[in-house]
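After the structure tokens below, expect a handful of questions from me.
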Amino acid sequence: MSILKFKLTLASKKSPYPIGYRDQLMLVGSCFSENIGAKFNNHLFQVLENSHGILFNPISVSNALLDCMANKKYTKADLFQLNELWNSWNHHSRFSAVQAQEALDKINDSITKAHEFLKKADHIVITLGSAWVYQLNNQSPHSVGQAVANNHKAPSNWFDKRLMQPNELIDLLNQLVKQLLAFNPHLHIIFTISPVRHLREGLVENNRSKAVLIHAIHELVEANTSTEYFPAYEYIIDDLRDYRFFAEDLVHPNYAASNYVWEKLVESYMNEETQNIMKQVAEIQLAMQHKPFFAGSTQHQEFLQNCIAKTERLMSLYPYLSLNDQVHFFKQEIGK
């Protein structure tokens, strides 16, 4: 008797480039990259996320990484003022500010930090969200023809929209990979595609966009041994394949879906030792969130002493782990 199957499962594939706690990992791209980045941070990996903020289109992602490699210094001439804020067309609005100097300080500090981090990074995860590009037109008083990372609530008639063509995207990504490897020859580059739907473009248009990204990235990966594709998009769209795994907006993957992708990423990139460390780190992080009914009780004081001992033991076994803040937290809680 055959067993009915109600879903297809995409098996994880072990990468020849494992990610460990000694490694430095940079993440660039869409909001999905920040979601995964939060999980890396919670497990205390050495991570740097989105030096220019959340980015969706490949041109803006490429420009951001070029800025980081060049350690570009932005000046007031690179900004524009709109809605009482100073903004950059190459950055997310989190870098905007009422005063131009404040915006410049945030932008340049972030680029300098990313420049130094990227020099020594072992892995970079580049998550592309959409092949649709918005460019400033002659209705705009600023930088006509420039592809923007964020519209900063500017009038819609300032922009022309176009879909990148596969060959154009392949050329762009090939150039980016060459420049990244020239800057940091031992860098391993992981491409992913965000499963977030861009409904502003429309469902059909969103699928056209994802198709361009899928085709271009696979062409790139086949031609470059230092690159790899992690199928986050397929895990959500084809493996889970159910609106139960999306938030109420039916656009963003929910907590369960993000955890599923995270588990697949761990299976693909973390070896047994790293996974064992991750489990212990997660237990320590969870212990820090514990809220006792009676903080001064003997039972809770013993719990804190056990947490300190466990954390210090983990640090002695793996000196490259940064757990000093956790030890300090538990010691502060003793005697409260």
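The values are calculated or read from the model by the stated rules, or taken from the named source; none is laboratory data. The shown structure was predicted, so the numbers you read here are calculated from the model rather than taken from an experiment. Positions of Cβ are backbone-derived with ideal geometry, glycine not excepted, and every protein chain shown enters the neighbour counts.
Given the criterion more than 18 Å from SER88 (Cβ to Cβ) and in contact (Cβ under 8 Å) with a residue 12 or more places away in the chain, identify the matching residue among VAL47, VAL28.
Only one candidate qualifies: VAL47.
Still on this model: Assess whether SER12 counts as being modelled with pLDDT under 95, in contact with a Ser or Thr (Cβ under 7 Å, 6 or more places away or on another chain), within 30 Å of ILE284 (Cβ to Cβ) and surrounded by fewer than 22 Cβ atoms within 10 Å (Cβ to Cβ).
Spelling it out, SER12 is indeed modelled with pLDDT under 95, in contact with a Ser or Thr (Cβ under 7 Å, 6 or more places away or on another chain), within 30 Å of ILE284 (Cβ to Cβ) and surrounded by fewer than 22 Cβ atoms within 10 Å (Cβ to Cβ).
Okay, next question. Based on what the data block shows, is ASN151 closer than 26 Å to ALA70 by Cα and either surrounded by fewer than 17 Cβ atoms within 10 Å (Cβ to Cβ) or in contact with a Lys or Arg (Cβ under 6 Å, 6 or more places away or on another chain) (or both)?
Criteria met by ASN151.
For THR112, which of the numbered conditions (1) modelled with pLDDT under 95; (2) closer than 21 Å to LEU66 by Cα; (3) out of contact with any Leu (no Cβ under 8 Å at 6 or more places or on another chain) fails to hold?
Tallying (1) modelled with pLDDT under 95; (2) closer than 21 Å to LEU66 by Cα; (3) out of contact with any Leu (no Cβ under 8 Å at 6 or more places or on another chain), THR112 fails exactly one: (1).
A further question follows. Return the total of residues in the range 77-95 being in a loop (DSSP other than H, G, I, E, B), without any contact (Cβ under 8 Å) to a residue 60 or more places away in the chain and surrounded by fewer than 17 Cβ atoms within 10 Å (Cβ to Cβ).
1
Just give me the residues in the range 245-256 being at negative phi and free of Cβ contacts under 8 Å to residues at least 60 places away in the same chain, in sequence order.
If the condition is that a residue be at negative phi and free of Cβ contacts under 8 Å to residues at least 60 places away in the same chain, then PHE245, PHE246, ALA247, GLU248, ASP249, VAL251, ASN254, TYR255, ALA256 are the ones that fit.
Let me ask something else. Just the residues that are out of contact with any Phe, Trp or Tyr (no Cβ under 8 Å at 6 or more places or on another chain) and crowded, with 20+ Cβ neighbours inside 10 Å, please, taken from the range 17-39.
Across the range 17-39, the qualifying residues are VAL28, PHE32, SER33, ASN35, GLY37.
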